[in-house]
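Here is the structure we will look at.
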Amino acid sequence: MRKNIVAGNWKMNTTLQEGVALAKEVNEALKGAEPKCDVVICVPFTHLASVNEVIDPAKLGLGAENCADHKSGAYTGEVSASMVSSTGATYVILGHSERRQYYGETSATLKEKVALAFENNLTPIFCIGEVLEERENGTYHEVVKAQIEDALFHLSADDFSKIILAYEPVWAIGTGKTATADQAEEIHAYIRGLIADKYGKEVAENTSILYGGSCKPSNAKEIFEKPDVDGGLIGGAALDAPSFMGIVNAF
């Protein structure tokens, strides 16, 4: 059975002190709770080790927002998968649309990052999704298919089974626009069909596919009720513990 997951992506927000306080608040909210999903926070590199000290890993998973596509070496300013793993983190977001758009990340780059994540026992939360023009001109199926095929479909079925996918309509990130629950379900079902065609129905049925794009407490329940939506990758709402928990409790 695939897992329901709500993962927060803090992006470039919070100082170390603010981040530790927010992590403590989320961790406290989960004490005694029995959420019907796994809960993860993906935080800035600078926060990882400190946040790991204040959370209960049995209740709250910890991830990074990215990692380098090299093991080590003269890459000033980069943070390797092994460095991420050494902090206690067990997840890493890869292929977020902002990384693709602002930093030119390609499928070839992401192949390397996925391999390094696996080498260091990190679970990739792998992002895919189309921009507004691609949604409006009807090419979004082809765009999403290419993103998955080019970066992931070289993997064995066993390795692919370690991936969490996050579908993010780029036009709905930070814009206040949200895909309707029916739009989310349609593309999630399409993605699951691609996986089934490549790896078989069992792998497809066991792959968690999260929705990412202006998900908030007011719309999470409707989106999460769709059969092929297995949770959310949450941006802005993850920076406020009550809002984030409102989404967690949508399950």
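Of the candidates Glu205, Glu65, Glu168, which one comes out as most mobile in a Gaussian network treatment of the chain with C-alpha springs shorter than 10 Å?
Glu205
Pairs of Cα atoms under 8 Å, at least six residues apart: use those to get the relative contact order of the chain, whole percent.
Numbers: 465 pairs, mean separation 54.9, N = 251.
The normalised contact order for the chain reaches 22 percent.
Just to be sure I understand the rule: take each whole DSSP H helix in the chain, project its Cα atoms onto its long axis, keep it if the span is 30 Å or more and its mean Kyte-Doolittle hydropathy is at least 1.6. Which ones pass? Walk me through the numbers before you get to the answer.
Values: long enough: none.
Span-like helices here: none at all.
Can you tally the net charge around Ser97? Count Lys and Arg as +1, Asp and Glu as -1, for every other residue whose Cβ sits under 12 Å from the Cβ of Ser97.
On the way: positive: Lys11, Arg99, Arg100; negative: Glu98, Glu105, Glu130, Glu134, Glu168.
For residues surrounding Ser97, the net value is -2.
Using a cut-off of 10 Å between beta-carbons, work out the net charge of the residues near Ala68 (Lys and Arg +1, Asp and Glu -1, Ala68 not included).
Details: positive: Lys71, Lys113; negative: Asp69, Glu78, Glu112.
The answer is -1.
Just to be sure I understand the model, the point goes 7 Å from the Cα along the line to the Cβ. What's the resulting Glu202 to Tyr103 distance in nm?
3.7
How large is the dipole of the chain about the Cα centre if only Lys and Arg carry +1 and Asp and Glu carry -1, each at its Cβ, rounded to the nearest 20 debye?
Details: 22 positive and 35 negative charges, 77 e Å.
Computed charge dipole of the chain: roughly 380 debye.
In nm, to one decimal, how far is the modelled label at Ala21 from the one at Lys36, with both set 7 Å along Cα→Cβ?
Rounded to a tenth, the inter-label distance reads 3.4 nm.
Counting only the backbone N, which residues of the stretch 98-113 are under 12 Å from the spot 7 Å out from the Cα of Glu119 toward its beta-carbon?
Of the residues in the stretch 98-113, 112-113 have backbone N under 12 Å from the label point off Glu119.
Tally Lys/Arg at +1 and Asp/Glu at -1 over every other residue whose Cβ is under 13 Å from the Cβ of Val6; what's the total?
Values: positive: Lys3, Lys36, Lys59, Lys216, Lys221; negative: Asp38, Asp230.
Surrounding charge for Val6 is +3.
For a quick check: with amide H placed at 1.01 Å from N, whose amide H comes under 5 Å from Tyr91's, ignoring anything fewer than 5 positions away on the same chain?
Close amide H contacts, sequence-distant or interchain: Leu62, Gly63, Ala64, Thr123.
Over 22 Å between Cα atoms, which of Lys3/Lys162; Lys198/Lys221; Lys59/Lys226 qualify? Could the numbers behind the result be given before it?
Details: Lys3/Lys162 12 Å; Lys198/Lys221 30 Å; Lys59/Lys226 25 Å.
Among Lys3/Lys162; Lys198/Lys221; Lys59/Lys226, the Cα-Cα distance tops 22 Å for Lys198/Lys221; Lys59/Lys226.
May I ask you to list the chymotrypsin sites (Phe, Trp or Tyr not before Pro) in the stretch 24-91 that are in a DSSP loop and have at most 16 other Cβ atoms within 10 Å of their Cβ?
Within the stretch 24-91, the qualifying chymotrypsin sites (Phe, Trp or Tyr not before Pro) (loop, at most 16 other Cβ atoms within 10 Å) are Tyr75.
With a Förster radius of 41 Å, plug the Cβ-Cβ distance of Ala157 and Phe45 into 1/(1 + (r/R0)^6) and report the FRET value to the nearest 0.05. Can you show the working numbers first?
On the way: r = 32 Å, r/R0 = 0.77.
E between Ala157 and Phe45, to the nearest 0.05, is 0.85.
What is the order of Phe160, Phe251, Phe244, Phe153, fewest Cβ neighbours within 10 Å to most?
By the 10 Å Cβ count, ascending, the order reads Phe153, Phe251, Phe160, Phe244.
Each reported figure results from applying straightforward, stated rules to the coordinates on display, with no laboratory input. Quick caveat, the model's predicted, so the values are computed rather than measured. For neighbour counting, all protein chains shown are included, and Cβ atoms are generated from backbone atoms with ideal geometry for every residue, glycine included.
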